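Take a look at the structure set out below.
The values are calculated or read from the model by the stated rules, or taken from the named source; none is laboratory data. In this text, all values refer to a predicted model and were calculated from it rather than measured experimentally. Using ideal geometry, Cβ is built from the backbone for each residue, glycine included, and neighbour counts are taken over all protein chains shown. The accessibility values were calculated without ligands, DNA or RNA, using every heavy atom of the protein model including side chains. Shrake-Rupley method; radii C 1.70, N 1.55, O 1.52, S 1.80 Å.
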Amino acid sequence: MTFTNVDEATHWLLNQINPIPRPDMTKIYQALEYVGNPHKGLPIIHITGTNGKGSTVAYLRDLLSSQGYKVGSFTSPHIERFNERITFDGQQISDEALIRLTNQLVELNDYMEAYSPYGRLIYFELFTIMMCLYFQEKKPDVCLIEAGIGGMSDCTNVLDGEIAVVTSIGMDHADMLGDTLESVALEKAGIIKPQKEVVTGLIQKSPLSIIDKWANARTAVHHSYDQTFGVKNINKLSPFKTQFQFWTDSQAIPQEAFEINMVGDHQVRNAAVSLQVFISWMAHQKQTIDWPKAREALQKTKWIGRLEKIFENPYIFLDGAHNMEGLTALKSVVDENFSAFEITIIYGGLKKKNQAEQVPLLLNFHAEKVYLTSFHHFEAMKEKDFAEVLQAKSIINRHKAHYVDDWKSWMNDYQLNNQNNKQALLLITGSLYFVSEARAYLLAHQMI
């Protein structure tokens, strides 16, 4: 099988499954050995966390690029096209490279099927091998690697990170990571390597102690938000712009304020985590930081699908808040930054998420109405699924909830009816799959 078309190649990648469980990393090491161990020697910053991974990668990518570094990044999921997942020096992997490497992975999977007791690699395992092969070719100065799910058992953990980053700890993927914050913390602490460094965001005391013990047992240096670094003098310059000062015990830095255009207090924390990682990496490289360039880079950082303003007149924002921690952070942003607007929410979620908690939280947002809808995914919530959730006696404001069968027509009507309303604000949120589908539709129909 040889691919010549990028859509066929990505379809093959996304549909590789295998019922045989992977108990450890042996399968991944076997696959890497077959393709020449491309992971060895890559300069890695390894990033995990329940929320905030993507934004942290975006900040770091811009900060490190501002200092002249060639930066590779590996993120998931993609919003518009698969190529977003792997970037080098600000450019997505080309269709040509993606097709070529996919053909190499087809050969690899034939080998694994024939000779590995674990059988063929599945989609995210293949993405990880592709990333290693691509970065071996491109030779980035630094690779920003976002874990898929968890950390310790994630296939990206074959990589030897100089710095591990744990952005946050919350309840998500309980079927894989455990049903306590402590079990999630232990899984994510697993990316910390001996005698290296770890940077943690704002994390509750008990799960943070788990990470701290893991780091201490491996003599890894632990930089912890609000303990060894943090922010002060936060100043909201507008609903869409925040200024703050950053402090750290690591080194003396100029005290001019930083400015970000990603909205919300959680983005201030993500920026602080990124700054600490940036400082640690530059110190590891024995490089002096050009702070004016770093400040300019941070101010320009954007991340698609994460409270992304995609339209004005009326305002339309996209945010992939797909779990309780993400929705709680989003509610804080709405309460603190958008209280002057007439807010309407449209939400699409997956059945496997905790919708019995997430939908009631949505109904408590400062919003006129909350529209629920479905989208193109086999696990997408349908009208009957939402109806079951809304039957709970504890929900006192179910009158705000309305189901929309055709969200595309609904969005067209919303924009048409509110194009002259300066106070109108539409928030499209929920599963990143829904946000991705909505964003692609709006782009295609030139609403952005």
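Below is a table of values for the structure above.
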{"read-out": "Every residue from the stretch 103-149 that is outside any helix (DSSP H, G or I), among the hydrophobic types (A, V, I, L, M, F, W, C) and touching a strand residue (DSSP E or B) at 6+ places or on another chain (Cβ under 7 Å)", "value": "Val142, Cys143, Leu144, Ile145, Ala147"}
{"read-out": "Check on Val231, within 22 Å of Gln204 (Cβ to Cβ) and either of a type in the set (Asp, Glu) or assigned to a helix (DSSP H, G or I) (or both)", "value": "no"}
{"read-out": "Single residue of the stretch 150-161 satisfying the filter (assigned to a loop (DSSP other than H, G, I, E, B) and aliphatic (A, V, I, L, M)) that is most open to solvent (accessible area, probe 1.4 Å)", "value": "Met152"}
{"read-out": "Members of the stretch 242-296 that are part of a loop (DSSP other than H, G, I, E, B), free of Cβ contacts under 8 Å to residues at least 40 places away in the same chain and not small (Gly, Ala, Ser)", "value": "Asp249, Gln251, Ile253, Pro254, Gln255, Glu256, Gln285, Lys286, Thr288"}
{"read-out": "Failed item, numbered, when Ile20 is tested on (1) surrounded by fewer than 16 Cβ atoms within 10 Å (Cβ to Cβ); (2) touching a strand residue (DSSP E or B) at 6+ places or on another chain (Cβ under 8 Å); (3) of a type in the set (A, V, I, L, M, F, W, C)", "value": "(2)"}
{"read-out": "Checklist (1) out of contact with any Leu (no Cβ under 7 Å at 6 or more places or on another chain); (2) closer than 30 Å to His223 by Cβ applied to Leu350, failing item", "value": "(2)"}
{"read-out": "Failed condition for Thr50, given (1) modelled with pLDDT of 95 or more; (2) in contact with a Ser or Thr (Cβ under 6 Å, 6 or more places away or on another chain); (3) of a type in the set (S, T, N, Q)", "value": "(1)"}
{"read-out": "Residue among His376, His402, His366 that alone is assigned to a strand (DSSP E or B) and open to solvent by 10 Å² or more (accessible area, probe 1.4 Å)", "value": "His402"}
{"read-out": "Gly68 vs. criteria on the phi > 0 side of the Ramachandran plot, open to solvent by less than 40 Å² (accessible area, probe 1.4 Å) and among the small types (Gly, Ala, Ser)", "value": "no"}
{"read-out": "Condition check for Asn354: polar (S, T, N, Q) and either modelled with pLDDT of 90 or more or open to solvent by less than 10 Å² (accessible area, probe 1.4 Å) (or both)", "value": "no"}
{"read-out": "Flag for Ile99 being over 17 Å from Gly305 (Cβ atoms) and in a strand (DSSP E or B)", "value": "no"}
{"read-out": "Answer residue from the stretch 35-61, given it is part of a loop (DSSP other than H, G, I, E, B) and within 17 Å of Glu197 (Cα to Cα) and is least open to solvent (accessible area, probe 1.4 Å) among those", "value": "Gly49"}
{"read-out": "Matching residues in the stretch 405-437 - criterion: being in a loop (DSSP other than H, G, I, E, B) and surrounded by 15 or more Cβ atoms within 10 Å (Cβ to Cβ)", "value": "Ser431"}
{"read-out": "Residues within the stretch 212-228 that are outside any loop (DSSP other than H, G, I, E, B) and polar (S, T, N, Q), tallied", "value": "2"}
{"read-out": "Options Ile310, Ile260: the member that is modelled with pLDDT under 95 and closer than 28 Å to Thr87 by Cα", "value": "Ile310"}
{"read-out": "So Ile395, is it at pLDDT below 95, of a type outside the set (Ser, Thr, Tyr) and open to solvent by 30 Å² or more (accessible area, probe 1.4 Å)", "value": "no"}
{"read-out": "Members of the stretch 202-211 found to be open to solvent by less than 80 Å² (accessible area, probe 1.4 Å) and either among the basic types (Lys, Arg) or in a helix (DSSP H, G or I) (or both), listed by number", "value": "Ser206, Pro207, Leu208, Ser209, Ile210, Ile211"}
{"read-out": "Search result, residues across the stretch 44-61 that are farther than 13 Å from Lys302 by Cα and polar (S, T, N, Q)", "value": "Thr48, Thr50, Asn51"}
{"read-out": "Residues located in the stretch 335-387, provided they are in contact with a strand residue (DSSP E or B) (Cβ under 9 Å, 6 or more places away or on another chain) and of a type in the set (Ser, Thr, Tyr)", "value": "Thr344, Tyr347, Tyr371, Thr373, Ser374"}
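Each row is one residue, and each column tells you yes or no for (1) open to solvent by 40 Å² or more (accessible area, probe 1.4 Å); (2) not hydrophobic (A, V, I, L, M, F, W, C).
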position: Asn216; (1), (2): yes, yes
position: Ser224; (1), (2): no, yes
position: Ile234; (1), (2): yes, no
position: Gln251; (1), (2): yes, yes
position: Gln255; (1), (2): yes, yes
position: Ile260; (1), (2): no, no
position: Asp265; (1), (2): yes, yes
position: Val268; (1), (2): no, no
position: Ser280; (1), (2): no, yes
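Table: residues versus (1) surrounded by 20 or more Cβ atoms within 10 Å (Cβ to Cβ); (2) of a type in the set (Lys, Arg).
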residue: Glu33; (1), (2): no, no
residue: Phe74; (1), (2): yes, no
residue: Arg81; (1), (2): no, yes
residue: Arg100; (1), (2): no, yes
